[in-house]
């Protein structure tokens, strides 16, 4: 779109004077933005003012069947220079994203999960050039996108710990800086049964252990959990 062209885009009680302004704020109004962009009126006006952008939007509409992925990518078509933002949340750096993941543990935020589910984080990194500027992180994100298809929760929390850079894990309001002290607590007779019953939430902990090189400890613990569950069934 040429800078001299002015558009008045109305979204409920909001008004945007340009596509760039609209693109920058779309993440705050995802449902309304999605509905507006897919109207015949909006597409007709867009084609009139910027045919190249119109065809890019049409291509994206055909390619992205997931609404979340479509909204994420189209905002960067309208406003290329934006921070990482998605569904009402903005992250000024990757560490902020990691901190939000870990602070919300052991619950998963479905929209943060989109970053791995639809490859949105790696898409953003390519968009801003961080696939070259931060090659190690980019490779790790690609790896987690694959792992997400196998174990969503573990990949999700591994991303959180990696980006947040904190080495301490908090479990039941107590922090642990190393696996030894954590296992001394968790493998006690009173704790192991509660931990086993809440197995799915423990992906938060397994992610921490795996990221810090304790794959063997995870395997040993899973074996203990299996034994406890077998004992309880008797």
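The values are calculated or read from the model by the stated rules, or taken from the named source; none is laboratory data. Model, not experiment: these values are computed from the prediction. Cβ placement follows ideal geometry from the backbone for every residue including glycine, while neighbour counts extend to all protein chains displayed.
Here is how the numbers come out for the structure above:
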| read-out | value |
| --- | --- |
| Subset of segment 81-116 [part of a loop (DSSP other than H, G, I, E, B) and at pLDDT below 95] | 104, 105, 106, 107 |
| Condition broken by residue 70, with the remaining ones in (1) in contact (Cβ under 8 Å) with a residue 24 or more places away in the chain; (2) within 18 Å of residue 120 (Cα to Cα); (3) surrounded by fewer than 17 Cβ atoms within 10 Å (Cβ to Cβ) satisfied | (3) |
| Residues (closer than 19 Å to residue 123 by Cα and touching a residue at least 60 places away in the same chain (Cβ under 8 Å)) located in segment 13-67 | 27 |
| Residue satisfying condition, being touching a strand residue (DSSP E or B) at 6+ places or on another chain (Cβ under 6 Å), part of a helix (DSSP H, G or I) and touching a residue at least 40 places away in the same chain (Cβ under 8 Å), within set 124, 156, 162 | 124 |
| Qualifying residue in segment 97-112 (condition: touching a strand residue (DSSP E or B) at 6+ places or on another chain (Cβ under 7 Å) and surrounded by fewer than 19 Cβ atoms within 10 Å (Cβ to Cβ)) | yes |
| Candidates 176, 138, filtered to the one that is touching a helix residue (DSSP H, G or I) at 6+ places or on another chain (Cβ under 7 Å) and either touching a residue at least 40 places away in the same chain (Cβ under 8 Å) or in the same structural domain as residue 224 (by TED's automatic domain parsing) (or both) | 176 |
